[in-house]
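Take a look at the structure below.
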Amino acid sequence: MEQSFTAEFQRGGDVRARLTSLPFQPQKELFNRVFGCGSQCPFCKTPCEAGGKNHTEHFASIHRPEGTGSYRYTVSGKLSVHVCSTCVVSEGTFCSSETEGKYHPYEDYRSIYPDWLIQPDSSIQASDYWKYVFNRFNEQFAKEYDAKPADIPSLWTDITQDQAMKSLEKSFQMKTGD
């Protein structure tokens, strides 16, 4: 395909016509690969990173505090600061419409969400970026989700915007700029 396009460019041919004659739409393929399949983590709502539609398991490399996806504590109604990748290696429980309101062990989440693979990580709670975002917009998240604001851990309140941006750089091996 690359050789065909190169030849078409060199001849001065109509690239747009060539693109429309392909058996697939490159822009749709690119969109699906960049933006994933549209599935979201059942806890924090981070999007699946698998790309495209042809995969059997959804995954995300970095999960967020669950409250960013509207997850809240049942009794208090406060948004949750817990992170999925930490919860799945804990002895904690969750309840949702899929569990019919009954509490279910996080470590057995796949019996409820078999198509999601949440990599367990007991060493992190969330990237500094998501801690910063959740701390900064806690009230707005609560208002949007008709919940009470989360009890933000005190260490999260000390995270600066610069630390948050450096966290993104580290997480995605990219340069966010100076």
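The values are calculated or read from the model by the stated rules, or taken from the named source; none is laboratory data. Keep in mind that what you see is a predicted model, and the values were worked out from it rather than measured. Every residue, glycine as well, gets a Cβ built from its backbone with ideal geometry; the counts of neighbours run over all protein chains shown. What goes into the accessible areas is simple: the full protein's heavy atoms, side chains included, and nothing from ligands, DNA or RNA. Shrake-Rupley method; radii C 1.70, N 1.55, O 1.52, S 1.80 Å.
For the range 58-99, which positions are touching a residue at least 12 places away in the same chain (Cβ under 8 Å), open to solvent by 70 Å² or more (accessible area, probe 1.4 Å) and part of a loop (DSSP other than H, G, I, E, B)?
Selection gives PHE59, SER61, THR74, HIS82, VAL89, GLU91.
Among (1) surrounded by 15 or more Cβ atoms within 10 Å (Cβ to Cβ); (2) closer than 26 Å to GLY51 by Cβ, where does PRO114 come up short?
(1) is the only condition that PRO114 fails.
Which residue, of CYS44, CYS37, is part of a loop (DSSP other than H, G, I, E, B), of a type outside the set (Gly, Ala, Ser), modelled with pLDDT of 65 or more and touching a Gly at 6+ places or on another chain (Cβ under 6 Å)? So that I can check it myself, show each step before the final result.
Numbers: CYS37 fails: touching a Gly at 6+ places or on another chain (Cβ under 6 Å).
Within the list CYS44, CYS37, the selection yields CYS44.
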